[in-house]
Amino acid sequence: MADGTLRTNKALMTSPDRFLNRELSWLEFNQRVLEEAANRAHPLLERLRFLSISASNLDEFEMVRYAGLREQVRAGIVKVSQDGLKPSQQVEQIEKASLRLIADQQEQWRTLKGEMAAENIHVLSDDALTK
């Protein structure tokens, strides 16, 4: 029994499964930030702030971290990260996670706009503004 446990521990020690992917983990964190926007225990405008933070975070992520991985793919880099993913695999998973996050952000925005309208708080388009 101890010998089998030792082999399992050795396998885990050398396995990429012991690492979380930095980028995917960050996206999961940002999803949790967005979840706070749906938390009705927070005041309405605080929930809007959580949505805004999530959107701003994602913009920065896309411009820096995702863009860096895209450049690695374009350069033909295939070296795997500590978690065992090639840059192209990371890009693929990031794109899927980002699309889900963006869809969730849009859904939350529609919800918050409706709740704000019920409180007589309106977001107006440019053409709806008067002098």
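For Kirkwood radius over Cα pairs in Å, which listed value, (i) 17.7; (ii) 15.4; (iii) 14.0, comes from the coordinates shown?
(i)
Suppose R0 equals 35 Å. What FRET efficiency, 1/(1 + (r/R0)^6) with r the Cβ-Cβ distance, do residue 39 and residue 62 give to the nearest 0.05?
Between residue 39 and residue 62 the formula returns 0.90.
Test of understanding: what is the full-extension gain from residue 129 to residue 28, defined as 0.36 nm times their sequence separation minus their Cα-Cα distance?
Extra length available between residue 129 and residue 28 comes to 32.6 nm.
Could you tell me which of 42, 105, 66 has its Cα farthest along the dipole of region 27-118 towards the positive end, charges placed at Cβ (Lys, Arg +1; Asp, Glu -1), taken about the Cα centre?
66
Please state the charge dipole magnitude for the chain, taken about the Cα centre, from unit charges on C-beta atoms (+1 on K and R, -1 on D and E), reported in debye and rounded to the nearest 20.
440 debye
Add -39500 (n - 2.57) for each DSSP H run of 4 or more in the chain, then divide by its residues: what number comes out at 222 nm, to the nearest 500 deg cm²/dmol?
After summing the helix terms and dividing by residue count, I get -22500 deg cm²/dmol.
At 0.36 nm per residue, and after removing the present C-alpha to C-alpha distance, how many nm does the segment from residue 99 to residue 121 gain when stretched out fully?
Between residue 99 and residue 121, full extension yields an extra 5.1 nm.
List the relative contact order of the chain as a percent without decimals, with contacts defined as Cα pairs under 8 Å and 6+ residues apart.
The value is 27 percent.
Where a number appears in this text, it was derived from the coordinates with a stated rule and is not lab data. Being a predicted model, the structure only gives us computed values, none of them experimental. Every residue, glycine among them, receives a Cβ derived from its backbone with ideal geometry; neighbour counts consider all protein chains shown.
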